[in-house]
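S.K.: Take a look at this one; I'll ask things after.
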Amino acid sequence: MRSLVFVLLLAAGLALTNGQWWKNANFYQIYPRSFKDSDGDGVGDLRGVMEKVSYLKHELGIDAIWLSPIFKSPMVDFGYDISDFKDIHWEFGTIADLENLAAECRKQNLKLILDFVPNHSSDEHEFFQKSEAKDPEYADYYVWHPGKLLPNGTRAPPSNWISEFRGSAWTWSIKRKEYYFHQMVAKQPDLNYRNQKVVEYMKDVLRFWLDKNIDGFRVDALPFLFESTPVNGVYPDEGKSGLTDDTDNPAYLVHDHTRNLDETYDMVYQWRAVLEEYKASHQTDDLVLLTEAYTSLNNIIRYYGNGQWEGSHVPFNFEVLSNTFKESTGKDFYDNIMRFYDAVPSDRVPNWVLGNHDNKRLASRLGLERADLYTIAINTLPGIAVTYQGEELALEDVYIPWSKTIDPFACNSSPKDFLIYTRDPARTPFQWDDSISAGFSTSATTWLPVSPNYKTVNYKQQQSAPRSHLKIFKSLLRLRKQRTLREGSFDIKLVDENLITYKRELAEVSTVVVVLNFAKSSRNIDLSQVFSDLPLQFEVITSSMQTNYVDGTIVDRNAVMLPAEAAIVLEGSKKFD
């Protein structure tokens, strides 16, 4: 374990030698339906992404992009219900379009990551249709059970397991005369990973896309991969959690039989082995595995590996995301940072993520006034940063009423509580400019509505403004490319309940100091009282929008003023002494 006040010195050359490009990377998540529409149908696509490769790489400074699912799908869950793991959904384009995108990314030195959705398929997948028909080759590709025969002669589901999308996780097949298991909606049946043929097929899916010059995968919904097996033909029920009386709510049960089973981690280690074997045989740079698991901190850390087997390069740090709120104090955020950082093995790389397509946008969930503060934090802490599209502009959620809600997670609820569940507001189109549909599409009608504020909040406006969220983000990513943040020491201090400061330092290069003010009032900070041996003066690299600092301004170390809920990044060297 690492002490609460510590210095971490990263080994020289760690970031870039041996193709280890990912160790200090900024990964940028693209939700393709909402990023850029190239053909005017109101849905974003692969050619639209390709139009913006230069923006992502050369203007922002992003190291890798990962695309939410683009595979063939009936779009019941907008791509997470896959009917062919080896084809592209027509709205997004073709395999040739993906190959062209991969070639353009490689040309511009931008890594391309695809989503891998291994837990389930669509019920329209050929495998499920054959399994439902009891084709001997595919009969147990999915999880089937005849159910319980009740005294009155009717059948009931095999267990009380609840779907993540509410209601029973078992659905009756009229054709097969059995129940099939689904952790998500009924049209997303779970694959059976206790069938070795399924395991080998999904490994082959990875190889198929690696052959298209993909640089790695983000793995979806890992905790659901395995479920307990029946005992004497009977699946065990799960106990009540006591958290809710709503029997359709997944929170009603303790999911000890349907989530986070030990076999899940072994499967991740096997996928990592596939990537390592491919890398060795094709002599590529590192091929990375990013993993999504909303689970306990101990479980997240297990994804890194077990000493014998390598696991995920980037087990997403949802410890910080899940425990940071609008009302969080500086101490809360500091504790969240340190709880994760202390748990990361010393030979692994931490990562920082505060947004994605399944959560309210950062600026809405944590407050627009703190958007820059959090962007500064995750891009200056040691290790990997993850950005959800639009966070560089501090885009906010768009209100979508019940009548226009299309997210199945929300549609399975009710008009009374759908806002708790809906993910539509965070998935609305990217705001490029003030033209029709915010420059996302030439169509006035888009798959989700464009924000009504797009005339004044968009990329074009922020690019031309003297100061903007976009320019703050770009300054941070330029700084991330420098050696001090890639290789330097890390010394963090909680000054008081609402003030965090940390120092990144590389001898003979520079000292970077970051100050985060969570207070509702301005603060004056004398940095010489926090850290010893600081340069006398610092250059302002960037700061939150509410400050009056101009980038490049020189400030004294003992006179740094921060407005409420603002942050600043300073860099000093011997030339300032």
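S.K.: Please report the carbon-and-sulfur percent of the accessible area for segment 258-341; probe 1.4 Å, protein heavy atoms only, DNA, RNA and ligands left out.
M.R.: The C+S portion of the solvent-accessible surface of segment 258-341 is 46 percent.
S.K.: Continuing with this model, one more query. Using θ = phi - 60° and the Karplus curve 6.51 cos²θ - 1.76 cosθ + 1.60, what whole-Hz ³J(HN,Hα) does each residue of segment 141-152 get, with Gly and Pro shown as x?
M.R.: Whole-Hz 3J(HN,Hα) from phi for segment 141-152: 6, 10, 9, 10, 7, x, x, 9, 8, 7, x, 7.
S.K.: Give, in whole angstrom and from largest to smallest, the semi-axes √(5λ) of the equivalent ellipsoid of segment 130-233, with λ running over the eigenvalues of the Cα gyration tensor. If you can, show how the numbers build up before the last one.
M.R.: On the way: eigenvalues 175, 50, 27 Å².
So the equivalent ellipsoid measures 30, 16, 12 Å along its semi-axes.
S.K.: Can you compute the modelled spin-label distance between S573 and D262, with each label point 7 Å from Cα toward Cβ, in nm?
M.R.: 5.4
S.K.: Here is a further query. Using 15 Å as the cut-off for backbone N distance, which residues of segment 317-333 belong to the label zone defined by a point 7 Å from the Cα of K520 along Cα→Cβ?
M.R.: Hits in segment 317-333 for K520 at 15 Å: 326-330.
S.K.: Between 0 and 90 degrees, rounded to the nearest ten: what's the tilt of helix 371-380 against the longest Cα principal axis of the chain?
M.R.: Once rounded, one gets 90 degrees.
S.K.: In terms of modelled amide H atoms, which long-range or inter-chain residues lie less than 5 Å from the amide H of S312?
M.R.: Y304, G305
S.K.: Continuing with the same structure: Relative contact order for the chain: what percent, with Cα pairs under 8 Å and sequence separation of 6 or more?
M.R.: Values: 1225 pairs, mean separation 80.3, N = 577.
Over the chain, the number comes to 14 percent.
S.K.: For I436 and V234, what is the calculated FRET efficiency with R₀ set at 45 Å and r taken between the beta-carbons, to the nearest 0.05?
M.R.: Values: r = 59 Å, r/R0 = 1.31.
For R0 = 45 Å, the calculated efficiency reads 0.15.
S.K.: Give me the net charge of Y142's neighbourhood, meaning all other residues with Cβ under 15 Å from the Cβ of Y142; Lys, Arg count +1, Asp, Glu -1. Mind dumping the intermediate values first?
M.R.: On the way: positive: K130, K134, K175, R176, K177, K187, R194, K197; negative: D81, D123, E124, E126, E132, D135, E137, D140, E178, D190, E227.
Computed value for this residue: -3.
S.K.: Now, a different point. Treating only the Cβ atoms of Lys and Arg (+1) and Asp and Glu (-1) as charged, compute the dipole magnitude of the chain about its Cα centre; round to the nearest 20 debye.
M.R.: 720
S.K.: Moving on to the next point. What number in nm² do you get for segment 195-288 if you take the convex hull of its Cα atoms and divide its surface by four?
M.R.: Details: hull surface 32.4 nm².
Projected area, direction-averaged: 8.1 nm².
S.K.: ³J(HN,Hα) across segment 459-464 via Karplus (A = 6.51, B = -1.76, C = 1.60, θ = phi - 60°), whole Hz, x for Gly/Pro?
M.R.: Coupling constants for segment 459-464: 4, 4, 5, 6, 5, 8 Hz.
S.K.: While we're here: Just add up the charged neighbours of F325: K/R +1, D/E -1, any other residue whose Cβ is under 12 Å from the Cβ of F325. It would help to have the intermediate numbers written out before the result.
M.R.: Details: positive: K326, K360, R365, R370; negative: E327, D332.
Within the 12 Å Cβ shell, the charges total +2.
S.K.: Short version: ³J(HN,Hα) in whole Hz for each residue of segment 280-288, in order, from phi by Karplus 6.51 cos²θ - 1.76 cosθ + 1.60 (θ = phi - 60°), x for Gly and Pro, what are they?
M.R.: Computed from phi, the couplings for segment 280-288 are 5, 6, 10, 6, 9, 5, 3, 9, 9 Hz.
S.K.: Dimensions of the chain along principal axes (Cα, Å, largest first)?
M.R.: Principal axes ranked by extent give 84, 53, 53 Å for the Cα atoms.
S.K.: Quick one: grab Rg to one decimal and Dmax as a whole number for segment 267-312, Cα atoms only, in Å.
M.R.: Expressed in Å, the Cα Rg and Dmax of segment 267-312 come to 11.6, 36.
S.K.: What FRET efficiency, computed as 1/(1 + (r/R0)^6) with R0 = 25 Å and r the Cβ-Cβ distance, is obtained for S296 and D245, rounded to the nearest 0.05? Write out the running numbers ahead of the final one.
M.R.: On the way: r = 25 Å, r/R0 = 0.98.
Given R0 = 25 Å and the Cβ-Cβ separation, E is 0.55.
S.K.: Go through K130/K404; K203/K474; K57/K455; K52/K130; K331/K360; K107/K203 and tell me which ones have a Cα-Cα distance over 32 Å in this structure.
M.R.: The pairs that break the limit, which is 32 Å between Cα atoms, are K130/K404; K203/K474; K52/K130.
S.K.: Using a 1.4 Å probe on the protein chains only, how many percent of the accessible area of segment 361-400 belongs to carbon and sulfur?
M.R.: Values: 350 of 650 Å².
Ligands and nucleic acids excluded, carbon and sulfur reach 54 percent.
S.K.: Using 7 Å Cα-to-Cβ label points, what is the N558/K177 separation (nm, one decimal)?
M.R.: Distance between the two pseudo-spin positions: 8.8 nm.
S.K.: Compute the length gained on full extension between N195 and W90: take 0.36 nm times their separation in residues and subtract their Cα-Cα distance, giving the result in nm to one decimal. Could you put the intermediate results ahead of the total?
M.R.: On the way: separation 105, 0.36 × 105 = 37.80 nm, distance 3.05 nm.
Once the chain is fully extended between N195 and W90, it gains 34.8 nm.
S.K.: Taking amide H atoms as placed 1.01 Å from N in the peptide plane, list the residues 5 or more away in sequence, or in a different chain, whose amide H sits under 5 Å from that of A566.
M.R.: Residues meeting the criterion, in which the H sits 1.01 Å from N, are N517.
S.K.: Here's another thing I want to ask about it. Excluding ligands, DNA and RNA, what is the solvent-accessible area per residue of the chain at a probe of 1.4 Å, expressed in Å²?
M.R.: Values: 22040 Å² over 577 residues.
I get 38 Å² per residue for the chain.
The values are calculated or read from the model by the stated rules, or taken from the named source; none is laboratory data. Note that the structure is a prediction, hence the values are computed from the model and not measured. All Cβ positions, glycine included, derive from the backbone under ideal geometry; neighbour counts span all protein chains shown. SASA here: full protein model, heavy atoms, side chains in, ligands and nucleic acids out. Shrake-Rupley method; radii C 1.70, N 1.55, O 1.52, S 1.80 Å.
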